[in-house]
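Structure, as structure tokens:
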Amino acid sequence: MRTTRPLSVTLPIDMLEMVEAKVASGEYASESEVIHDGLRALRARDDAVEKRLQAEIGEAYEAYKRDPCRAAPAKEVFARLRAHHEAQVKADVGDL
């Protein structure tokens, strides 16, 4: 049974040069190894984000079940988000 299959990809020049430099330095034996390592790192990052989100959502949901009165109405949450965003935009404009 075959566990790999070829894939053709097109990379921006800077990424291609980075892949080639990794191979040229001897850090990797082939371009495929560089891509494999990059994808493993992406998978690890995605898994870590997913784990963190599950933990945070799980904790928030359990807290809500214990005391539903503590939940904020959506209208209030969106108003706070809009205010926060506006403040950030003003701060960013002030930094220019």
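Considering only the chain, give the helices (runs of 4 or more DSSP H) lying wholly within it that have at least 1 residues that are touching a residue at least 24 places away in the same chain (Cβ under 8 Å).
Once the helices (runs of 4 or more DSSP H) in the chain are filtered for at least 1 residues that are touching a residue at least 24 places away in the same chain (Cβ under 8 Å), what remains is 31-66.
Conditions (1) touching a Phe, Trp or Tyr at 6+ places or on another chain (Cβ under 6 Å); (2) surrounded by 10 or more Cβ atoms within 10 Å (Cβ to Cβ); (3) farther than 30 Å from residue 7 by Cα; (4) of a type outside the set (Gly, Ala, Ser), marked per residue:
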site: 25; (1), (2), (3), (4): no, no, no, no
site: 28; (1), (2), (3), (4): no, yes, no, yes
site: 34; (1), (2), (3), (4): yes, yes, no, yes
site: 48; (1), (2), (3), (4): no, yes, no, no
site: 81; (1), (2), (3), (4): no, yes, yes, yes
site: 92; (1), (2), (3), (4): no, no, yes, yes
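Bear in mind that the values in this text are calculations on the coordinates, not laboratory data. Just so it is clear, the model here is predicted, and its values are computed rather than measured. Glycine gets a Cβ as well: all are built from the backbone with ideal geometry, and neighbour counts include every protein chain shown.
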